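J.: Questions regarding the structure given below will be posed in turn.
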Amino acid sequence: MKMSFKTVLVTGSIGLAMCGTAQSADKELIVSHWAGPKHAMATMVFPWLGEQLSECSGGSLTVKVENGLAPPPAQYDTIRDGVADIGWIVHGYTKGKFLTTKMIEMPGWSGNAEEMSVAFQKTHEKFFAAANEAKGVKVMSKFVHGPGMVNTAEKITSYKQLEGMKIRVGGGVANAVGEALGVAGVNMPAPSVYEAIASGVAEGVFFPLETLASFKIDELTKFSFRNPDGMYTTSFAMIISEDTYNDLSDEHKACVDAASGVETARQIGKFWDEADAIGLEQSAAGGSVVIDASEEERAYFKEKTAGIEAAVLAEIESRGVDAKAAHEYMKSLMQ
């Protein structure tokens, strides 16, 4: 009986050890989010990503979203240095580091977030990835927000009215657009915009429709001036730490790979378009108005911003990319 009992204890101990080994194979990826709990990345994108990874891995690969791990401009370093495993970055917040990403931000792209995100990711894969601008991380997907607009407290019906106004611009090509229009550009991360307008530091903001709800901008800016030809957009990337990725099992790497690329860009773009629709609906209910630029204003905007394309293509060329070929390819995808 003693020997049997000892055998049971040993067998049980081995079983527990084996169980512990199985549990240790589970992996939770920490996602760094910085735009608040009502933002589409928090309510739509990251829950979707978690579902994709969990389903692919049979539940062994999951995500946990953490807010406020670092300010928006520090997100790239936060992921690269392993403070979090996955995050999303604004390329324009890291001045001088990302140049190829400026192509999708230029004026003249009239698509929605889904269309532009797909074109951006495909062009990245074909032309931009070789420039290796994002070192220490693996790019899961590139994407953009919907068409950018000018949102102001005072009614704007002409770009000429913006001259000298204190307008928050978001970095990247948006800064060049603001400069071409003669605004007094104010730079700050998106979460700081509400306070800046409320305190008078800024009189308006370059933002897409979704922010009217997610950042409550419609409480302060009741007028949005929209250009159907495309005024600007902002480029983003969802990234995973290279060290985190390399430490994953082959099965988990395959799941991350499956949640990357063009179809992920498409899905994220769809979510941002849904968020734009929500922003438009909620802001309209609160009395906000969207004003489309007239043909005359669209021509004026095109004239004032005409030099941006050549400047951006020259910057991209400096990274060893055939910028002209990449631009033609991107245009073919957007037609």
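J.: Does any residue of region 251-266 turn out to be touching a residue at least 40 places away in the same chain (Cβ under 8 Å) and polar (S, T, N, Q)?
T.: Yes, the conditions are met somewhere in region 251-266.
J.: Ok, one more. Tally the residues that are assigned to a helix (DSSP H, G or I) and either surrounded by 14 or more Cβ atoms within 10 Å (Cβ to Cβ) or within 23 Å of the chain's Cα centre (by Cα) (or both), restricting the search to region 292-309.
T.: So the count comes out to 7.
J.: Counting only residues that are small (G, A, S) and under 16 Å from P228 (Cα atoms), how many does region 290-332 have?
T.: Total satisfying the criteria: 3.
Condition check ((1) touching a His at 6+ places or on another chain (Cβ under 7 Å); (2) under 23 Å from E51 (Cα atoms); (3) free of Cβ contacts under 8 Å to residues at least 12 places away in the same chain) across all residues:
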site	(1), (2), (3)
I217	no, no, no
T233	yes, no, no
W272	yes, yes, no
V312	no, no, no
I316	no, no, no
G320	no, no, no
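J.: Restricting attention to region 177-190, report how many residues are in contact (Cβ under 8 Å) with a residue 60 or more places away in the chain and either aliphatic (A, V, I, L, M) or not in a loop (DSSP other than H, G, I, E, B) (or both).
T.: 4
J.: Also, I was wondering about something else. Looking at V321, V312, V262, V289, which is the one that is among the β-branched types (V, I, T) and loosely packed, with under 13 Cβ neighbours inside 10 Å?
T.: Sole residue among the options that is among the β-branched types (V, I, T) and loosely packed, with under 13 Cβ neighbours inside 10 Å: V289.
J.: Can you tell me which residue is farthest from the chain's Cα centre (by Cα) among those in region 209-231 that are closer than 18 Å to L162 by Cα and small (G, A, S)?
T.: Applying the filter and picking the extreme gives S224.
J.: Hey, any hits in region 109-128 for a residue that's free of Cβ contacts under 8 Å to residues at least 24 places away in the same chain and under 25 Å from A213 (Cα atoms)?
T.: no
J.: Taking the criterion of being part of a helix (DSSP H, G or I) and surrounded by fewer than 21 Cβ atoms within 10 Å (Cβ to Cβ), would at least one residue in region 108-117 satisfy it?
T.: yes
J.: Can you tell me which residue is surrounded by the fewest Cβ atoms within 10 Å (Cβ to Cβ) among those in region 37-87 that are in contact with a helix residue (DSSP H, G or I) (Cβ under 6 Å, 6 or more places away or on another chain) and part of a strand (DSSP E or B)?
T.: By that ranking, first place goes to T62.
J.: Same structure again: Within region 261-281, is there a residue that is at pLDDT 95 or above, in the same structural domain as E219 (by TED's automatic domain parsing), outside any helix (DSSP H, G or I) and not polar (S, T, N, Q)?
T.: For region 261-281, residues at pLDDT 95 or above, in the same structural domain as E219 (by TED's automatic domain parsing), outside any helix (DSSP H, G or I) and not polar (S, T, N, Q): absent.
J.: Also, I was wondering about something else. Are any residues in region 163-200 touching a Ser or Thr at 6+ places or on another chain (Cβ under 9 Å) and more than 18 Å from N227 (Cβ to Cβ), and if so, which ones?
T.: Selection gives G171, A190, V193, I197.
J.: Applying the selection to region 250-260, what residues are in a helix (DSSP H, G or I) and not charged (D, E, K, R)?
T.: Matches in region 250-260: H252, A254, C255, V256, A258.
J.: What residue, among those in region 88-107 that are charged (D, E, K, R) and part of a helix (DSSP H, G or I), is farthest from F206 (Cα to Cα)?
T.: Filtering region 88-107 for residues that are charged (D, E, K, R) and part of a helix (DSSP H, G or I), the one farthest from F206 (Cα to Cα) comes out as K102.
J.: Shifting gears a bit: Could you tell me whether A174 is within 27 Å of V118 (Cβ to Cβ), hydrophobic (A, V, I, L, M, F, W, C), assigned to a helix (DSSP H, G or I) and modelled with pLDDT of 95 or more?
T.: yes
The values are calculated or read from the model by the stated rules, or taken from the named source; none is laboratory data. As the structure is a computational prediction, the values presented were derived from the model and not from experiment. Here Cβ is always computed from backbone atoms with ideal geometry, including for glycine, and neighbour counts include all displayed protein chains.
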